[in-house]
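What follows is calculated from the coordinates using simple rules that are stated; it is not laboratory data. Note that this is a predicted model, so its numbers are computed, not measured. Every residue, glycine as well, gets a Cβ built from its backbone with ideal geometry; the counts of neighbours run over all protein chains shown.
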C-alpha cells in the first residue's frame with residue numbers, strides 16, 4: 001500500500017507535469033532544430049514567435065466566445081488553433097520574405113542571421129505587447145480536470161491523490177499526433193525527403209534538382225504550425241504571459257542542443273530530457289521516502305537536491321555538460 | 001548626439017538630460033566591452049548580463065559594512081565551504097593532469113563533483129540559515145568590506161574577468177552561434193545564483209542605500225559655498241525679485257534643483273574619466289601589433305594559426321578583457337543607482353540592447369561603440385515620448401475616448417522595443433557595418 005502511495009505521489013508531482021512540460025518544450029525544440037537544420041541559423045525569436053501564435057489563438061478564442069461558439073467540455077482554443085495557424089504561416093512567410101531572404105540569398109554567415117533574428121525578436125515582442133499587453137492571461141475554458149485528486153482518493157482508497165488536468169492530456173495527445181505526422185512527413189514523403197537532403201548537403205540537394213525556395217517555404221509553414229501549437233499548449237496548461245514565453249526560449253534551446261541540433265527526433269527527446277531532469281532534481285523527496293522507508297529511517301530534511309529556484313539553472317548546466325562532452329548532442333546532430 | 005541631449009535639457013529638464021547622459025556613458029562602457037570581443041576578435045558574447053551583474057555584486061561586496069553578527073553566526077561555515085570548493089577544484093585539476101583521458105576518469109570527475117555539491121550543501125545549510133536569520137528585514141547577509149565604493153570598479157572588473165576565464169575555458173571552442181547560446185545560458189545561471197543566494201547579497205530582497213563617491217544632495221543644500229555658487233549662477237534671475245522673503249524662497253528652490261544637478265555632474269565627471277581612459281587604451285590596442293594580430297585571427301583563423309599565433313590563448317585573453325570592461329560598467333551602474341536589484345537583470349536590457357548598440361554603432365570601431373551607446377540609449381529613453389507624439393499625430397481625428405487610441409496610448413512603453421527592432425533590422429540591411437564602420441589606417 002505504501003509503495004502504491006509512493007508511486008502515485010511520484011506520478012502526480014513528477015511524471016505527469018514533466019511529461020506535459022516536456023511535450024511543450026519538444027514542440028519548440030523541433031521548431032528551433034528545423035530552422036537550424038534547413039535555414040542554418042539559431043533563431044533567437046523562437047519564444048516570441050510562439051507568443052505571437054498564442055496571441056492570435058487567444059484573440060480568435062475570444063471572438064468565438066463572444067459569438068457563443070464553444071466545444072463543450074473541450075477548450076474553445078482548440079477550435080481557434082487552425083485559424084491561428086493559417087495566420088501564423090502568413091506571418092512566418094512575411095518575415096522570411098522581408099527579412100531573412102535577403103541574407104539567405106547573399107549567403108551571409110550564420111551569426112549575421114542570428115543577429116537579424118534578434119531584430120525580429122524585438123519587433124515581434126513589441127507587436128505582441130502592443131496588441132495584447134504584457135499581463136498574465138488565462139484562456140482555458142471547458143472541463144478543467146479529468147481526474148480530481150479527491151475523487152481519485154475516494155475511488156482507490158489511497159492516501160495520495162492523482163490529479164490529471166485535461167490541458168495536460170490534450171497537450172500530450174496533440175504533441176504525439178503532431179510529432180508522428182511530422183516524422184511521417186519527413187521520412188516517407190518526397191517533400192520531406194528533399195527537406196532532409198537539403199539540410200544534409202545543400203549543394204548536392206541543389207544538384208539533384210531540389211527547389212530551395214520550396215524547401216524553405218515548407219520549413220516556414222511547419223515552423224508556423226509548431227510555434228502556434230507549442231505556444232497555445234503552454235498557454236492552455238499554464239497561462240499566457242509574453243515575458244515567460246521569451247524566457248522559455250532558453251530551455252527550448254537547451255533541449256534542441258542536448259538532442260543534437262538539426263535532428264528533429266533528438267529535439268523531441270531533448271525536450272523530455274530537459275523537463276524530467278529539471279523536475280527530478282528540484283523535487284523534494286521527503287514524502288516519498290516517508291512512504292517507502294520504515295518509520296525509524298524517515299528523513300528530517302526535504303531531501304531536495306537543489307531548490308526550485310534553480311530550475312532553469314539545471315537545464316542550462318545539462319546543456320553546458322553536453323556541449324563539453326558530446327558537442328553534437330546525445331542523438332548525433334550536426335557537428336559544431 | 002550631445003546636441004540632442006542638450007535639447008532635452010532645455011525642453012524637459014537638466015536633471016533628466018544629465019541622467020540620460022550618465023546612462024549613455026555607462027552604456028558606452030558596456031558597448032566598448034562587447035566591441036572589444038566582437039569587433040576586434042569576432043567572439044560573440046551574449047552573456048553581458050552576467051558580467052554586468054557580477055560588477056554590481058562587487059559594488060555591494062566592497063562598499064557595504066560587514067555584518068559582524070552574521071559573520072559570527074555563519075561565517076565559519078561559509079569559509080569552510082569556500083575551502084571545500086577550492087579542494088574540489090584542486091582534486092579535479094590533479095586528476096585531469098595525471099590520468100589519461102578515459103571513461104573512468106570522466107565518471108570519476110562527475111562523482112567528485114556530485115559528492116562535492118552534496119557535502120557543500122550539508123556544510124553550508126546551517127550557516128546559511130543562521131546568516132539569513134540575522135535581522136532579515138535589513139541585513140540577513142554577510143555584508144562587505146566597508147571600503148569606498150569606487151574601488152569596486154576595479155574589483156568588479158576582476159570578478160567579471162574571473163567568470164570570463166572559466167566560461168572561456170569551457171565554451172570558446174564552440175562555433176559562433178553555439179557560443180552565443182552557451183554564454184547566454186551561463187549568464188542566466190549566474191543571475192539565478194545571485195538572485196537566490198540570500199547570504200551573499202540579499203538576493204531578490206535587494207541591497208539599498210549604498211555609499212556614494214559623491215556628496216549627498218541633503219548635505220549639499222546645507223553647505224555655505226554651494227548656496228553661494230547657486231546664488232552667483234542665478235544672480236540675474238534673483239535680482240529681479242525685490243521682496244526678501246520671496247528671494248529667499250526662490251533661492252531655496254534653486255538650491256534644491258541645483259544640488260541634484262550638481263550630484264549628477266559629479267557622476268558624469270567620474271564616468272567621463274573612465275570612458276576617456278578606456279577609449280585611449282582601446283584605441284592604442286587597436287593600432288598596436290596586438291590589435292593587428294587580433295584582426296588577423298578574426299579574419300582568418302587558420303592562416304593566423306599557421307603563422308604561429310596561438311588562437312586559443314588570444315581568444316581567451318580578449319574574452320577576459322572585454323568581459324572585465326563590462327564588469328566595470330556593471331559596478332558603475334550600481335554606484336550611480338545606489339542600489340543592487342538582482343531581479344532587474346534581464347537579458348533584454350543587459351544583453352540584447354547592448355548588442356543593438358554594438359551593431360548600430362559600428363563593430364570594430366571604438367568611436368562607433370560610444371556613438372551606438374549614446375544613440376541607442378537616448379532612443380530607448382525617449383522612445384515613449386516620441387511614440388506618444390506620433391500616436392497623437394496619427395489618431396488626431398479620433399475622439400479621445402476611442403478604444404483604439406486609448407489602447408495605443410496605454411501601450412506606449414512597448415514602442416521602444418519596436419523602434420529598437422526596426423532600427424536593428426534597417427541597419428543590418430542597409431549599413432551592415434554600422435553607422436561608423438571599422439576604419440583601419442596603417443601608419
(request) Among B:421, B:168, B:372, determine the one that fluctuates most according to a GNM of chain B built with springs between C-alpha atoms less than 10 Å apart. (result) B:421
(request) Determine, from the Cβ-Cβ distance of residue A:146 and residue B:228 and an R0 of 60 Å, the FRET efficiency 1/(1 + (r/R0)^6), rounded to the nearest 0.05. (result) 0.15
(message) Kirkwood Rh and Cα-based Rg: tell me the resulting Rg over Rh for chain A, rounded to two decimals.
(response) 1.01
(request) Compute the Cα gyration tensor for the protein assembly as shown, then decide on rounded, prolate or oblate, letting a ≥ b ≥ c be the square roots of its eigenvalues: rounded whenever a/c is under 1.5, prolate when a/b is larger than b/c in the other cases, and oblate in all that remain. (result) rounded
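Which value, to two decimals, describes the C-alpha radius of gyration of the range B:27-148 once divided by 2.2 N^0.38 Å? Please report the intermediate quantities before stating the final value.
Details: Rg = 19.6 Å, N = 122, 2.2 N^0.38 = 13.7 Å.
Ratio of Cα Rg to 2.2 N^0.38 Å: 1.43.
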(request) Rank-order B:348-356, B:36-44 by packing density, defined as the average count of other C-beta atoms within 10 Å over each peptide's residues, highest first. (result) B:36-44, B:348-356
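So what's the back-of-envelope 222 nm ellipticity for the protein assembly as shown, counting only DSSP H runs of four-plus at -39500 (n - 2.57) apiece and dividing by all residues, rounded to 500? Spell out each step's value before the answer.
Details: 34 runs with 545 residues, N = 779.
Roughly -23000 deg cm²/dmol at 222 nm, from the helical runs in the protein assembly as shown.
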(message) How far apart, in nanometres, would the label points at residue A:4 and residue B:235 be if each is projected 7 angstrom from Cα along the Cα-to-Cβ direction?
(response) 9.6 nm
(message) Within a 10 angstrom radius of the beta carbon, how do B:407, B:196 rank from fewest other beta carbons to most?
(response) B:407, B:196
(message) Between 0 and 90 degrees, rounded to the nearest ten: what's the tilt of helix A:110-132 against the longest Cα principal axis of chain A?
(response) 60 degrees
(request) Take every Cα-Cα distance within chain B, group them into 20 Å bins from 0 onward, and report for each bin the whole-number percent of pairs it holds. (result) 21, 48, 27, 4, 0
(request) Give, in nm to one decimal, the length gained when the segment between residue B:246 and residue B:349 is fully stretched (0.36 nm per residue of separation minus the Cα-Cα distance). (result) 32.5 nm
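May I ask you to derive the FRET efficiency for residue B:166 and residue B:430 from their Cβ-Cβ distance with R0 = 60 Å, giving the value to the nearest 0.05?
Values: r = 39 Å, r/R0 = 0.65.
About 0.95, to the nearest 0.05.
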(request) With a/c under 1.5 counting as rounded, go ahead and sort the range A:198-239 into rounded, prolate or oblate using the C-alpha gyration tensor (a ≥ b ≥ c being the square roots of the eigenvalues; past the cut-off, prolate if a/b is larger than b/c, else oblate). (result) prolate
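Mind checking A:120-133 for the average number of partner chain beta-carbons within 10 Å of each residue's beta-carbon?
Working: counts 3, 6, 14, 8, 3, 7, 11, 4, 2, 6, 11, 3, 1, 4.
If you average over the peptide's residues, the count of other-chain Cβ atoms is 6.
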(request) On a 0 to 90° scale, report how tilted helix B:152-171 is relative to the longest principal axis of chain B, with both axes built from alpha carbons and the result rounded to the nearest 10. (result) 40 degrees
(message) How big is the range A:180-336 along each principal axis, measuring the range of its Cα positions in Å and listing the largest first?
(response) 72, 36, 27
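If you stretched the chain out fully between residue B:65 and residue B:307, how much longer would it get, using 0.36 nm times the residue separation minus the C-alpha to C-alpha distance?
Numbers: separation 242, 0.36 × 242 = 87.12 nm, distance 5.23 nm.
Length difference between fully extended and current span is 81.9 nm.
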(request) Report, to the nearest 10°, how far helix B:289-299 tilts away from the longest principal axis of the Cα atoms in chain B, using its own Cα long axis and a range of 0 to 90°. (result) 80 degrees
(request) Could you tell me what % of all Cα pairs in the range B:310-410 have separations over 16 Å? (result) 73 percent
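May I ask you to give the average projected area over all directions of the convex hull of the Cα atoms of the range B:209-301, in nm² rounded to one decimal? Mind showing how you got there, number by number?
Values: hull surface 41.3 nm².
Mean projected area of the Cα convex hull: 10.3 nm².
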(request) Calculate, for residue B:79 and residue B:283, the FRET efficiency according to 1/(1 + (r/R0)^6) with r their C-beta to C-beta distance and R0 41 Å; round to the nearest 0.05. (result) 0.40
